[in-house]
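Engineer: Please find one structure pasted underneath; my questions will follow.
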Amino acid sequence: MEDFYRELIIDRYKNPQYRGTLNPADISFEDDNPLCGDHIHIDLRVDENDVVQEARFDGKGCAISQASADLLMEMIQGMHLDEVKELSKQDILDMLGIELGPVRLKCALLSLKVLKAGVYGLGEASDDLVED
């Protein structure tokens, strides 16, 4: 089963479905992983009821960070912003379906950290946003 998830990660890294930018966007945020140099930028469009209508990411980095961002953008479309705020580290791990060491975990969680900082309207992202 883990091979399936590894293939999914490689496929989403090579063929992302939600890479791009939204102009205009209702919510935009970006940040880096200083340990490895991964970078993620996220744009969201939300409707008058605070439901995510469109989500896109752009950036550079390893397969884990880029695939995680692509899968996360897919996951949140149709979610209310309150639901997005409740997403956790475990949601990302379940989505990826593989065991990750501490360094790779930071890569996987970068998109969630960026997403939450944008949704909360923060000036900067913090690792506290993705702690359980």
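Engineer: Applying the selection to the range 15-46, what residues are free of Cβ contacts under 8 Å to residues at least 60 places away in the same chain, in contact with a Leu (Cβ under 7 Å, 6 or more places away or on another chain) and β-branched (Val, Ile, Thr)?
Structural biologist: VAL46
Per-residue answers, yes or no, for (1) within 14 Å of VAL119 (Cα to Cα); (2) of a type outside the set (Asp, Glu); (3) in a strand (DSSP E or B):
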position	(1), (2), (3)
GLN17	no, yes, no
LEU22	no, yes, no
ALA25	yes, yes, no
SER28	yes, yes, yes
ASP58	no, no, yes
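Engineer: Still on this structure, I have one more. Which one of the conditions (1) under 15 Å from VAL119 (Cβ atoms); (2) not in a helix (DSSP H, G or I) does GLU99 fail to meet, given that it meets all the rest?
Structural biologist: Failing condition for GLU99: (1).
Engineer: Another question, if that's okay. With the requirement that a residue be over 19 Å from ARG12 (Cβ atoms), small (Gly, Ala, Ser) and out of contact with any strand residue (DSSP E or B) (no Cβ under 6 Å at 6 or more places or on another chain), what does the range 79-117 give you?
Structural biologist: Matches in the range 79-117: SER88, GLY101.
Engineer: Residues in the range 63-74: is at least one in a loop (DSSP other than H, G, I, E, B) and crowded, with 16+ Cβ neighbours inside 10 Å?
Structural biologist: no
Engineer: Considering ASP32, ASP94, ASP50, which residue is over 11 Å from the mean Cα position of the chain (by Cα), at pLDDT below 95 and farther than 14 Å from LEU115 by Cα?
Structural biologist: It is ASP94.
The values are calculated or read from the model by the stated rules, or taken from the named source; none is laboratory data. As the structure is a computational prediction, the values presented were derived from the model and not from experiment. For neighbour counting, all protein chains shown are included, and Cβ atoms are generated from backbone atoms with ideal geometry for every residue, glycine included.
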